[in-house]
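Report on the structure given below.
The values are calculated or read from the model by the stated rules, or taken from the named source; none is laboratory data. Quick caveat, the model's predicted, so the values are computed rather than measured. Neighbour counts are summed over all protein chains in view; Cβ atoms, including those assigned to glycine, are modelled from backbone coordinates with ideal geometry.
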Amino acid sequence: MDSLYGKISPNVWQKMQNIKLFVCDIDGVFSDGRIYLGNDGEELKAFHTKDGYGVKALGASGVDVAVITGRKSNIVQTRMTALNVKHIVQGEENKLPALKEMIATLALSPEQVAYIGDDMPDFECLNYVGLSIAVHDAHPAILKFCDYVTATRGGFGAVRETCDLIMQSQNTLADAKGASI
């Protein structure tokens, strides 16, 4: 299948068509993985506006977006709330129980869920869902395992790429105009 980002296997394209929930890690996926610390202990992260636009557009298309992260940060809460992300789970180093609870609460099957990650703490979640996605610069063990590897690096539009592809597979991408970031 030809997509905006190149060829995708028919199997992966079919999986994308069934997605109702897109779950993202934060560090290394929404951000580039670097954590900036100020002299007074202030923590900073950079988020790309492309990812923000994609999340808002995907949510408007009817696919829920969630984040599960091992760290806890007011920055993440603020940014995800601004993007209308309804499901924000922070401080969960063992992410799979949180993912399973979220799927059950939303009355979904794992096959209706896509998860994007970059490193070993994401492995169990990636193994559990119907569509596993790694950012381009993920750990090699994750890259080998996932259904789809983004053309874009984490923190630089990998989330947007995935949102675009899910919408393209579900024929909702043309409606994505006007999602404000």
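Listed values, structure above:
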quantity: Residues of the range 99-148 classified as in a helix (DSSP H, G or I), without any contact (Cβ under 8 Å) to a residue 60 or more places away in the chain and surrounded by fewer than 20 Cβ atoms within 10 Å (Cβ to Cβ), total; calculated: 15
quantity: Test set (1) under 19 Å from C163 (Cβ atoms); (2) part of a loop (DSSP other than H, G, I, E, B) - E93 fails condition number; calculated: (1)
quantity: Members of the range 58-84 found to be farther than 16 Å from I166 by Cβ and of a type in the set (S, T, Y), listed by number; calculated: T69, S73, T78, T81
quantity: Any chance I68 is touching a helix residue (DSSP H, G or I) at 6+ places or on another chain (Cβ under 7 Å) and crowded, with 21+ Cβ neighbours inside 10 Å; calculated: yes
quantity: Pairs with Cβ under 7 Å, 6+ apart, first in the range 4-15 and under 13 Å from S132 (Cβ atoms) and surrounded by 10 or more Cβ atoms within 10 Å (Cβ to Cβ), second modelled with pLDDT of 95 or more and of a type in the set (A, V, I, L, M); calculated: K15/L131
